[in-house]
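Encoded as structure tokens, the structure appears first; notes follow it.
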Amino acid sequence: LQYPAPELRALSIMLNIGRDEAQELPVLFNGKTPKLERLTLANFTTWPGNSFGVNLTHLCLLDQHPRGRMDMSDFLDFLESCPQLEELVLVDAGPASSYPEAETVSSRLVALCQLHLLHIGGWPTPHSVAQFLAHIDIPATATIHIWAECLFSRNATVSMLLPADLSHLHPFQKLKAIHCTFRPTRRDYPQLVS
């Protein structure tokens, strides 16, 4: 795995270890995968030296250690490097959610113009979901699934998952359906990855 992989289009690496510490993905293929379109990483929080973004259309991140995740700014930088992204799945993964409820964050927006499907699941609080959504611009044709088990553990409401400004979250402009369920199981993951 040291040499460039100029024709590689799909890569799945699912580290099967406990989540006791954050895992960094070593440099693969000399950091050169120019045609990579689909990427699934499980249990890796960072991947320095690997340039995955330019042609990615499908990104699935699973089971990242909470303390090793990228901060919001770095995660948005990574998403910005993926202009072709069509599907984004973040299950127990994504930006670090260490911001206090009252903290003001920047108004930076990352446009995900090609996005068709967004899955967010296993996030610790409704606020962490809302904070992430406040920073992404999603087209009206996209479908959003939020696995919000955090809503069922306290006196929370669906509105807590959403930022105050919904103008950049175009699917919410003409909302037609909300489906509520308690929690998908791990057997649903292969469907998300496929």
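The values are calculated or read from the model by the stated rules, or taken from the named source; none is laboratory data. These figures come from a predicted structure and were not determined experimentally. Methodologically, a virtual Cβ is constructed for each residue, glycine included, from the backbone with ideal geometry; neighbour enumeration extends over all protein chains shown. Heavy atoms of the whole protein, side chains included, go into the accessibility calculation; ligands, DNA and RNA do not. Shrake-Rupley method; radii C 1.70, N 1.55, O 1.52, S 1.80 Å.
Listed by position, the strands (runs of 3 or more DSSP E) contained in the stretch 1-90 that have at least 2 residues being open to solvent by less than 20 Å² (accessible area, probe 1.4 Å) are 38-42, 58-62. When the stretch 148-172 is filtered for residues that are modelled with pLDDT under 85, part of a loop (DSSP other than H, G, I, E, B) and either open to solvent by 100 Å² or more (accessible area, probe 1.4 Å) or closer than 16 Å to Gly122 by Cβ (or both), the ones remaining, listed by number, are Ala148, Arg154, Asn155, Ala156. In the stretch 110-129, the residue that is nearest to Cys60 (Cα to Cα) out of those that are open to solvent by less than 10 Å² (accessible area, probe 1.4 Å) and out of contact with any strand residue (DSSP E or B) (no Cβ under 8 Å at 6 or more places or on another chain) is Ser128. Per the listing Thr46, Thr57, the residue uniquely modelled with pLDDT of 95 or more and among the hydroxyl-bearing types (Ser, Thr, Tyr) is Thr57. Among the residues of the stretch 56-71, just one is in contact (Cβ under 8 Å) with a residue 40 or more places away in the chain and acidic (Asp, Glu), namely Asp63. Taken together, Ser12, Ser51 contain a single residue that is more than 15 Å from the chain's Cα centre (by Cα) and more than 22 Å from Gly122 (Cβ to Cβ), which is Ser51.
On the given criteria, is His145 in contact (Cβ under 8 Å) with a residue 60 or more places away in the chain, out of contact with any Pro (no Cβ under 7 Å at 6 or more places or on another chain) and open to solvent by 10 Å² or more (accessible area, probe 1.4 Å)? No, not satisfied. With respect to the stated conditions, Gln191 fails to be assigned to a helix (DSSP H, G or I), of a type outside the set (Gly, Ala, Ser), modelled with pLDDT of 80 or more and closer than 19 Å to Leu90 by Cβ.
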